[in-house]
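Remarks on the structure that follows.
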Amino acid sequence: MNQPSYKRFLTKLFYHAPSASSSGQHILGLTNTSTMNRHTKNQRTTIRWHGDGPGPNAPTVNLTFINPDDTQTTISARVGETLLQCAHRTGIEMEGACEGVCACSTCHVILTQELYDQLMDETEDGALKENEEDMLDMAFGLTHTSRLGCQITVTEGMEGSVFTLPKATRNFYVDGHKPTPH
Amino acid sequence: MALCIAVRGGGGGTATARLLTSLRRSWCLPAQQTVQRFRHIPPPLCCRQSTTSTIATDVNNAPSHNSPEQNAHHNPRRRLSVAIVGAGPSGFYTAKYLSSTVLKKLQSTAAIALASTSAADDDGGAADDNGGAVGIHNFFNYRGIDIDILERLPTPYGLVRYGVAPDHPEVKNVEKEFASLFIEHGSTSDGETTTTIPSSSSIIANKLIAHNSISTLSYFGNVDVGHSISLSQLQSLYDIVVLAYGCQASDKRLGIPGEAELEGVLSAREFVAWYNGHPEFGHIGPIVQRCLWPKSLSEEEGDATDGNNNNSSSSSDTAISKARVVVIGQGNVALDVARILSKGTSGLIDTDTPTSVLEILKGGVSHVSIVGRRGHVQGAFTIKEVRELTKLNDEGYDVAFLVRKEELEMGMTESSVAELKGTAGRPKTRLVKLLQEAAESTDDNSASKQVELRFLMNPKRFEPDDSNKDRVGSVVCERTKLVGEPFHQQPIGTNETEIIPADLVLVSIGYRGMPLEGMKELQIFDDKKGVVKNVQGKVTGKNNLFVTGWIKRGPLGIIGTNIMDAKETVASIIEFIESGELNAQQADGSKVSLGRVGLTELLGREGVEFISWPQFMKIDAAECDRARLRSDAQPREKFISTGGLLKIALQDN
Ligand SMILES: Cc1cc2nc3c(=O)[nH]c(=O)nc-3n(C[C@H](O)[C@H](O)[C@H](O)COP(=O)(O)OP(=O)(O)OC[C@H]3O[C@@H](n4cnc5c(N)ncnc54)[C@H](O)[C@@H]3O)c2cc1C
Ligand code: FES
């Protein structure tokens, strides 16, 4: 290996970001929206969860995500955005296949019992909306405190809350999950 | 390890890299620019010429020691080439997670290298020798990844485009995410795709990597693996081949008398592909038309016929077919087809259902029965789809939903009750409650159409129609009862028979995976299960094959299930590389993975007209052209023949 040239490449690579790999943050799966909009403006491609959220001046709370690889990422969430919008804005690896309209269950996230109960108390009749519950029934790795990220709105009361993203085990298929038939 | 790569990847590798850059310029740019460039340089031709000539020159003139390109030639690291067979959800999710995982790997190996090269400077060299991190060193040898998705149809998205029901447009939203991968990864390094992003340092680093085109993605539509190119050719062109070709080629059959012989017994798979405008299923339309609108039925419609023309397409758009349709099987696909048939034009006008399909479905069908051998607790459908049926009338589609109370009671055996217990039974319990409410419902049934769920009915044979011996007329069913332990109950015949009239039968008991051409010899296909044999996504045996999606685990699960599945396969690919297995397989040095360049050359030689992503974007734009649409709300009017799709894609502007 030609060390000097490789080193130059690396230096170029990390010139602006010396601590890139030590931060342990999860940054992939980031959707580059402003580019998308630029290139596909005339082709119906806008991503709803990015467009509608509260602006940068909204009050914020700190939320921590436990990523599928067990690392943790703490981000600053804007009050009023959905958890899915927040995840996509900050590069958290949460899928949103149906773009946040409660039709895919890929934004599944696991809450602490405490937060789950707290959010339940805040609902009108102490229960989840029927369509969220219906979609959750198809979610991978369903737990008692599972919710859909696109159906949770960030509130001031969530400061410091922790959310766990469901984990893909190497052996996901044999680990007891029976995929929903189709 | 690094040395071995250096030998293999020497001159040709650099030429390849240079070519890749020029290729990327011509076909991987975001749609708008590329479409323009296409006019000047048709890619197959330009690639064909330059591929052969440049590589030849390079091999003949081995670089001299002091050439200005010395650094590049001595850089042993090359790009990982990956072919993905099939552009459905599993193929796209694999591309997404494979490229993000490789980026992550490169970030961490780059950081380690940065640390170790400075260490090397300090102590005078030999940093490469610090043992231990073998896996990382195997990764070191790649400076990027090029992923090519090959698809037999001109259009991508698999069952999202040709399976998911058109009245579920929100499920099809995922197409936008898949398309965005081409914008993120299909770029040159000329700054087109940079943008302001959150200023976390690692994101900047990531962006810099993306900026250097560490990861590129290309689409080759209209390339049928097994026909346009053989699997073994693909395996020798690419470092890694991922099979993601799904289970759309066949379906499970009942194997009962009349099924194969009588007209009007179709599989739900064929019917679904037809109503979604799949270019290979246009022939299903006339069959459906003859079954739903036979002469006698269309004459019953007062306004239907105009005397000398008994072609029923002249009856009004809102005419309701008096036909009776029997759907056999109780999964979500069965509910989809029943709902589409019942809704008819009024429920589908604002969807992407092709106009030619609406002309046949018209106002919908008056009777649909969905029949299953087992009880309601064992049904394979999910609550969301059942709830949709219960709401059809309230939503104004004029369709009543019927469930028979006595069938629910018969199905509630002790074992069934036990199956509802516990956390795992929660979704089922909610579903059972919904069905019970539907059975109790006293809503007046004045709706003109109805959908009925029938349980504990086992189809035994199909009988011909009285007036047309070649066409189906009824389904003879035997009443069953459930016997056995919880989760192992079997439907046992009771000798009690019921005959259900049927003008059209849709058998919906499952899709079935098939081997690709040439796979039989490799002994990697499990005929019984209809899947490619694998361990966590690595195809069994000494090969560079991986598998993901339906063809890996069988035709089960929703779109989201393919995410976890893809992650498992990606983990296996990474392990295959990091364990040195890939290098070991390529160690004889005879193999240079030409990847994209080699594929383009081969397709050109064979005369295969492939569709690039920008060319597909032309199809996409043409389908959404307002002039084609029935209404402002209709998202697109699909082109429904392969010829039509190719024409749009390949035309000059
Ligand atoms: C009728 C129906 C409705 C559904 N509705 C929903 C829904 O509402 N929500 C949901 O979440 N899930 C739904 N699903 C499930 C979902 O569609 C699947 O989970 C998913 O499509 C499987 O992805 P796949 O990539 O494995 O296969 P596919 O989607 O089938 O993709 C495989 C691709 O490979 C291509 N291919 C095949 N052979 C070759 C070859 N030789 N060479 C090159 N390419 C090839 C095919 O043309 C296809 O594009 C539905 C499924 C069906 C059948
Ligand atoms: S994003 Fe689809 S259900 Fe939340």
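With every protein chain in place and a 1.4 angstrom probe, the accessible-area ranking of A:Tyr116, B:Tyr275, B:Tyr245, largest first, reads B:Tyr245, A:Tyr116, B:Tyr275.
In sequence order, the stretch B:375-387 has phi-based couplings of x, 5, 6, 8, x, 8, 6, 10, 5, 4, 5, 5, 4 Hz under the Karplus curve 6.51 cos²θ - 1.76 cosθ + 1.60, θ = phi - 60°, and Gly or Pro positions carry x. Shown are B:Phe639, B:Phe462, whose ranking by accessible area with a 1.4 Å probe and every protein chain present, most to least, is B:Phe639, B:Phe462.
If you take all other residues with their beta carbon under 11 Å from the beta carbon of B:Leu435, and give Lys and Arg +1 and Asp and Glu -1, the sum is +3.
Ranked by the mean number of other Cβ atoms within 10 Å of their residues, highest first, the peptides B:255-262, B:142-149 come out as B:142-149, B:255-262.
How crowded by other chains is B:530-541, given as the mean number of beta carbons from other chains within 10 Å of each beta carbon?
Shielding by partners across B:530-541 averages 1.
Here the Karplus relation 6.51 cos²θ - 1.76 cosθ + 1.60, evaluated at θ = phi - 60°, turns the backbone of the stretch B:88-95 into coupling constants of x, x, 5, x, 5, 5, 5, 4 Hz, with x for every Gly and Pro. The residues B:Lys528, B:Lys552, B:Lys469, sorted by heavy-atom accessible surface at 1.4 Å with ligands and nucleic acids left out, run B:Lys528, B:Lys469, B:Lys552 from largest to smallest. Amide H to amide H, with H built 1.01 Å from N, B:Leu80 comes under 5 Å of B:Arg143, B:Gly144, B:Ile145, B:Asp146, counting only residues 5 or more places away or on other chains. Between B:Ser641 and B:Lys542, the distance separating the two model label sites (each 7 Å from Cα on the Cα→Cβ line) works out to 5.0 nm.
Taking amide H positions as modeled 1.01 Å from N, with prolines and chain starts lacking one, no residue 5 or more places away or on another chain lies under 5 Å from B:Asn544. Label sites at B:Lys528 and A:Thr74, each approximated as a point 7 angstrom past Cα along Cα to Cβ, lie 5.4 nm apart. Taking amide H positions as modeled 1.01 Å from N, with prolines and chain starts lacking one, the residues under 5 Å from B:Leu402 and 5 or more places away or on another chain are B:Val451, B:Glu452, B:Leu453.
The figure for B:Leu150 is an accessible area of roughly 0 square angstrom, using a 1.4 Å probe on the protein chains alone. Between A and B, buried accessible area from a 1.4 angstrom probe totals roughly 7300 Å², ignoring ligands, DNA and RNA. If you take all C-alpha pairs in the stretch B:537-653, what percent of them are over 20 Å apart? Here the tail beyond 20 Å accounts for 67 percent of pairs. Taking all protein chains as shown and a probe of 1.4 angstrom, B:Leu348 keeps an accessible surface of around 0 Å².
Pairs to check: B:Lys533/B:Lys618; A:Lys129/A:Lys167; B:Lys529/B:Lys567; B:Lys96/B:Lys533. Give those whose C-alpha atoms are more than 27 Å from each other in this structure. From the list (B:Lys533/B:Lys618; A:Lys129/A:Lys167; B:Lys529/B:Lys567; B:Lys96/B:Lys533), the Cα-Cα distance tops 27 Å for B:Lys533/B:Lys618. Computed with every protein chain present, the accessible area of B:Met514 is close to 80 Å² [probe 1.4 Å]. At full extension, A:Thr143 and A:Tyr116 could sit 8.6 nm farther apart than now, given 0.36 nm per residue minus the alpha carbon distance.
Inter-chain neighbour count for B:563-571: the average number of beta-carbon atoms from partner chains within 10 Å of each residue's beta-carbon is 5.
The values are calculated or read from the model by the stated rules, or taken from the named source; none is laboratory data. For clarity, every value in this text was computed on a predicted model and none was experimentally measured. Methodologically, a virtual Cβ is constructed for each residue, glycine included, from the backbone with ideal geometry; neighbour enumeration extends over all protein chains shown. Remember, those area values only see protein heavy atoms, side chains included, never the ligands or the DNA or RNA. Shrake-Rupley method; radii C 1.70, N 1.55, O 1.52, S 1.80 Å.
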